[in-house]
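Take a look at the structure below.
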Amino acid sequence: MSDVWAAVAALDVARECAAQAHRQVMSASQVEWTGAAARAYRDVAGEVLGRLAWLRGEIAEVRGALVRHAVAVEQARATAVR
Amino acid sequence: MRDGTAMRSDDAPALVVIGGAGGTTARIEALVAAAQRLVRAADSLDRCGSQVVRAAGAVEATATVCPATASAVRWPAQTLVHGPAGLRATGALLTDAAERLRSVAAGYARADADAAARLRALAVLGGTAVGDAGPLAAAGALLLGTAALLSAGRTVVHLRSLRHTPTPVGLGLTLLGGSSLTRAENPVGMVARLVAGPGLLPDGWLPPAADGGEIAVSGLAAVVTGLAPGLQTGTVADPVGPAARAAYVTGTVGAAALGRPRHRLVVAPQVTVGAEQPPAPRTTADVLRQVQDLYPENGAAPGSVGVQRLDHPDGRRTWVVTVPGTQSAGLHGSNPMDMATNLALASGTPDDVTHLVSEAMLRAGVGPEEPVLIAGHSQGGMAAVRAASGLHGVFTVAGVVTAGSPVGGMSLPAEIPALHLEHLQDQVVALDGRPNPDVTHRTTVVRDLGAGSAADRAAARSLGAPHLMPAYIRTAEALEGSGHRSLEEFDAAMGRVLGDGSADATHQRYVGVRVSAASDCPSARSARS
């Protein structure tokens, strides 16, 4: 696997890590707790979940751009060899 | 688990705590578990960021080949990692939230402990006042209290049985038992849960040992202490020890008055031919299995303790001493593991099981520098703590494990780490009338069996099973790999005794038997000489 395709694989790992984080925060937000502090905590957890959803979207975008770059690099190298 | 912070196993929701202002309810261990999950989420984001940085590095290395596509990756990757809502900032937010959550959980734990301490002080004050009023008043108060409890229980059962009757009361109870009302955290919700739920008894009708049991024991012990001559009200802080001492002295004097001769303890190694040697233990659960094997119903002689020598490949020699719990409900019978020993242990007077443990260690040849782990169940755990304290300086006690033992009132030198396993539904651990000390060298794990496996849940519904060895062995197994710092430190200390399981293990049982002080037999004489 070339270095750029290894970078794509790294982003796949990153995507899985972000998904893990999302699952952990989702689980942590469902704590049995009432009162004012609990509401504040749920607000923070909700904000983090929103951010994580955005981050996962961003990772997907970066991965798409990276795949395009990898294809372009491969094509350029193939052309250079010919 | 308590080691300055309240904490439980991540996957075993346990203690229900009600505390704080404004009707706040929380499960402390659920908050701590949530904090752990947030930390893990932050770790995941950190790994995520590292992977993105790695990918960005690979892009930079090939940027000269295709600058346009590399540029399309570079800036989004930069924002993804370092942007204001990026991976690093969100990870920091998660770490901060986890820290705050832990702090809140610790606050709730402190509030809960304070409330329990106040209630206990009130129970002690009321109990000693009743005792001070004299034996007749105490007996009357106890009778009245018992009658009131029975009457209240009968009323609850009666009301719950009316729920499905076609009467106005039945209709009212059906409405009251609606799910929204029974979940309400207010007096109406409490009444609804008490009288209008399914079944004849409310859920969780037994008080948790950590709260109700300890307070009730303190109150009852205070009544006994208050019966002593002179005004006791306001002078007694911990009535359990004096009450146990009074009961022990009364039992001993009563036995002597009835003609029972004074006794002494004879300790002898148990000779077994062809018996299978237990393997070298590696975990707390392994050690507790050895304790379980020492009960007579599992084939051991009554009054047996185990001493296992571990010869490690590196030349070190360590020891594991195992002590089972109460085996006889009598006082001063031939088996030392009886109620007299319980009272002696609770009152701080010399007891036969601690004597048996120390005698067994001496006879087994435990060296003063050879690390020893002492583990016990119920009474055996109390004896383990007392033996560890008493033998400190004589032997190198490297750790103590207790399961279902009321050891809150017993001290242990700070050099000896201890692990105390308790179950929320085990009423025996409440007999010390106080929580275990919250000190760094003693880690207490309180597990709610109602939130465990099917076997645990079945045990939780029983009065006796939460105290038995199988449940405690399951609890010890559940703690393995929990990742909590207190448990890891204790496991490290225990590991210095147990090693990696490759030690050559030699097990010997010693039996203690009480005999009349007047009698003597040649074997005992020769053993002593």
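The values are calculated or read from the model by the stated rules, or taken from the named source; none is laboratory data. Please read all numbers here as calculations on a predicted model, not as lab measurements. Heads up, the Cβs are rebuilt from the backbone with ideal geometry, glycines too, and the neighbour counts pull from every protein chain shown.
Of everything in segment A:57-70 that is buried (at least 17 other Cβ atoms within 10 Å of the Cβ) and free of Cβ contacts under 8 Å to residues at least 60 places away in the same chain, the residue that is nearest to residue B:83 (Cα to Cα) is A:58. With the requirement that a residue be touching a residue at least 24 places away in the same chain (Cβ under 8 Å) and surrounded by fewer than 24 Cβ atoms within 10 Å (Cβ to Cβ), what does segment B:320-337 give you? Those that are touching a residue at least 24 places away in the same chain (Cβ under 8 Å) and surrounded by fewer than 24 Cβ atoms within 10 Å (Cβ to Cβ): B:326, B:327, B:328, B:331, B:332, B:333, B:334, B:335. Might you let me know whether segment A:37-48 holds any residue that is within 24 Å of residue B:54 (Cβ to Cβ), modelled with pLDDT of 90 or more and not hydrophobic (A, V, I, L, M, F, W, C)? No: segment A:37-48 contains no residue that is within 24 Å of residue B:54 (Cβ to Cβ), modelled with pLDDT of 90 or more and not hydrophobic (A, V, I, L, M, F, W, C). Within segment B:269-288, being surrounded by fewer than 20 Cβ atoms within 10 Å (Cβ to Cβ) and either modelled with pLDDT of 85 or more or at positive phi (or both) holds for B:269, B:270, B:274, B:278, B:279, B:282, B:283, B:285, B:286.
With respect to the stated conditions, residue B:44 fails to be hydroxyl-bearing (Ser, Thr, Tyr) and more than 7 Å from chain A (Cβ to nearest Cβ). Considering only residues that are on the phi < 0 side of the Ramachandran plot, outside any helix (DSSP H, G or I) and crowded, with 16+ Cβ neighbours inside 10 Å, which ones fall in segment A:1-51? Scanning segment A:1-51 gives A:31, A:33.
In this entry, residue B:129 is excluded by the filter for residues that are at the interface with another protein chain (Cβ under 10 Å from one of its Cβ atoms), under 42 Å from the mean Cα position of the chain (by Cα) and surrounded by fewer than 22 Cβ atoms within 10 Å (Cβ to Cβ). Considering segment B:457-483, the residues that are farther than 21 Å from residue B:375 by Cβ and in a helix (DSSP H, G or I) include one that is farthest from the chain's Cα centre (by Cα), namely B:458. The residues listed here are B:109, B:116; of these, the one that is more than 9 Å from chain A (Cβ to nearest Cβ), part of a helix (DSSP H, G or I), closer than 30 Å to residue A:41 by Cα and in contact with a strand residue (DSSP E or B) (Cβ under 7 Å, 6 or more places away or on another chain) is B:109. Residues of segment B:358-376 include at least one that is part of a helix (DSSP H, G or I), closer than 21 Å to residue B:312 by Cβ and either of a type in the set (A, V, I, L, M) or in contact (Cβ under 8 Å) with a residue 12 or more places away in the chain (or both). When residue B:319 is tested against (1) at pLDDT 95 or above; (2) within 19 Å of the chain's Cα centre (by Cα), exactly one condition is not met: (2). In segment B:37-60 there is no residue that is basic (Lys, Arg), surrounded by fewer than 18 Cβ atoms within 10 Å (Cβ to Cβ), within 15 Å of residue A:28 (Cα to Cα) and modelled with pLDDT of 90 or more. A residue that is charged (D, E, K, R) and more than 20 Å from residue B:42 (Cα to Cα) occurs nowhere in segment A:11-22.
Of B:268, B:228, B:275, B:280, all but one fail to be of a type in the set (A, V, I, L, M) and outside any loop (DSSP other than H, G, I, E, B); the exception is B:268. Among the residues of segment B:150-164, those identified as within 36 Å of the chain's Cα centre (by Cα) and not hydroxyl-bearing (Ser, Thr, Tyr) are B:150, B:152, B:153, B:154, B:156, B:157, B:158, B:159, B:160.
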